[in-house]
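The values are calculated or read from the model by the stated rules, or taken from the named source; none is laboratory data. Since this is a predicted model, take the numbers as computed values, not measurements. For neighbour counting, all protein chains shown are included, and Cβ atoms are generated from backbone atoms with ideal geometry for every residue, glycine included.
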């Protein structure tokens, strides 16, 4: 019967298929792409039109290629996702989006994203192309290799964090680069830890989880958190070339460190499989984030 076929789209072909395609692009995860604003915001340059334009293109490019990556990755993981208690509800695994449509849509979005990046400048195209190559390698191979599966996803966050600066040709502090790298590793190690605690290796939803122990992942989390905090403090009290440090920027280290500690507590309580949901769904984290952002804005402006 057609109702039993996993790739059959239920309901009216037009609207239901479009909705399924949009849902498979994971709009909730587009918030990750706001990391593109990090370098221009830290430089206090978001009000400059020659910076805002390329930054907007970088944000659009990452949104397009990330959505394309989600489609291709879910198409490749469709069988494993169907036995996962949460992922089985994703459009491709649930059968509301045919695999062939997902693959075609993913390729189109990747090409559009690369085109947008090229419209900005060659440097941004290089960043986006690197992201596409890494995620393609992840989908086809590296997600099955322990350590590399964490490193590749963390690199995706890192590339987002530097993309705005690359697109606008802004100076990027070495400490900022370390904060971006360490913070990315902290988030992804936390995601793997949450998946491990939730029994993802037993469910077979992520093959590499069987290679990790909870203690190992906690060790990676502690290391990444330490690197991130130290690098942020050094950045906050140095700022950059020919930029005097601000008292407000220095004070921003307090909510930043508390935010890292709070996120670590939430991970220990069993949250963190979806980092964006944790970051946006915890009131304490939102308050700490607002205070941190306010101090950072004041520090950049003075």
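Descriptive notes on the structure:
- Condition broken by residue 52, with the remaining ones in (1) within 19 Å of residue 100 (Cβ to Cβ); (2) free of Cβ contacts under 8 Å to residues at least 24 places away in the same chain satisfied: (1)
- Yes/no for residue 76 being surrounded by fewer than 20 Cβ atoms within 10 Å (Cβ to Cβ), touching a residue at least 40 places away in the same chain (Cβ under 8 Å), within 15 Å of residue 169 (Cβ to Cβ) and outside the structural domain of residue 301 (by TED's automatic domain parsing): no
- Helices (runs of 4 or more DSSP H) lying entirely in region 161-260 (those with 1 or more residues that are within 30 Å of residue 129 (Cβ to Cβ) and modelled with pLDDT under 95): 174-197, 214-236
- Close pairs (6 angstrom Cβ cut-off, 6 or more residues apart or separate chains): on the phi < 0 side of the Ramachandran plot and surrounded by 17 or more Cβ atoms within 10 Å (Cβ to Cβ) in region 203-218, at pLDDT 90 or above and not in a loop (DSSP other than H, G, I, E, B) anywhere: 208/149; 217/189; 217/192; 217/193
- Test set (1) assigned by TED's automatic domain parsing to the domain that holds residue 113; (2) in contact (Cβ under 8 Å) with a residue 12 or more places away in the chain; (3) more than 28 Å from residue 269 (Cβ to Cβ) - residue 177 fails condition number: (1)
- Beta carbons closer than 8 Å, at least 6 apart along the sequence or on distinct chains, pair a first residue in region 270-296 that is farther than 26 Å from residue 150 by Cβ with a second that is modelled with pLDDT under 90 and part of a helix (DSSP H, G or I) for 286/280; 295/248; 295/249; 296/41; 296/42; 296/248; 296/249.
- When region 164-174 is limited to residues that are surrounded by fewer than 20 Cβ atoms within 10 Å (Cβ to Cβ) and in contact (Cβ under 8 Å) with a residue 24 or more places away in the chain, the one that is nearest to residue 270 (Cα to Cα) turns out to be 172.
- Enumeration of residues in region 177-197 that are over 12 Å from the mean Cα position of the chain (by Cα), within 18 Å of residue 233 (Cα to Cα) and crowded, with 24+ Cβ neighbours inside 10 Å: 179
Every residue, every condition in (1) outside any loop (DSSP other than H, G, I, E, B); (2) surrounded by 20 or more Cβ atoms within 10 Å (Cβ to Cβ); (3) touching a helix residue (DSSP H, G or I) at 6+ places or on another chain (Cβ under 6 Å), yes or no:
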| residue | (1), (2), (3) |
| --- | --- |
| 51 | yes, yes, yes |
| 60 | yes, no, yes |
| 63 | yes, yes, yes |
| 80 | yes, no, no |
| 103 | yes, no, yes |
| 109 | yes, yes, yes |
| 118 | yes, no, yes |
| 130 | yes, no, no |
| 136 | yes, no, no |
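- Yes/no for residue 21 being modelled with pLDDT of 90 or more and more than 18 Å from residue 92 (Cβ to Cβ): no
- Test: residue 46 is surrounded by fewer than 20 Cβ atoms within 10 Å (Cβ to Cβ), under 23 Å from residue 175 (Cα atoms) and free of Cβ contacts under 8 Å to residues at least 24 places away in the same chain: yes
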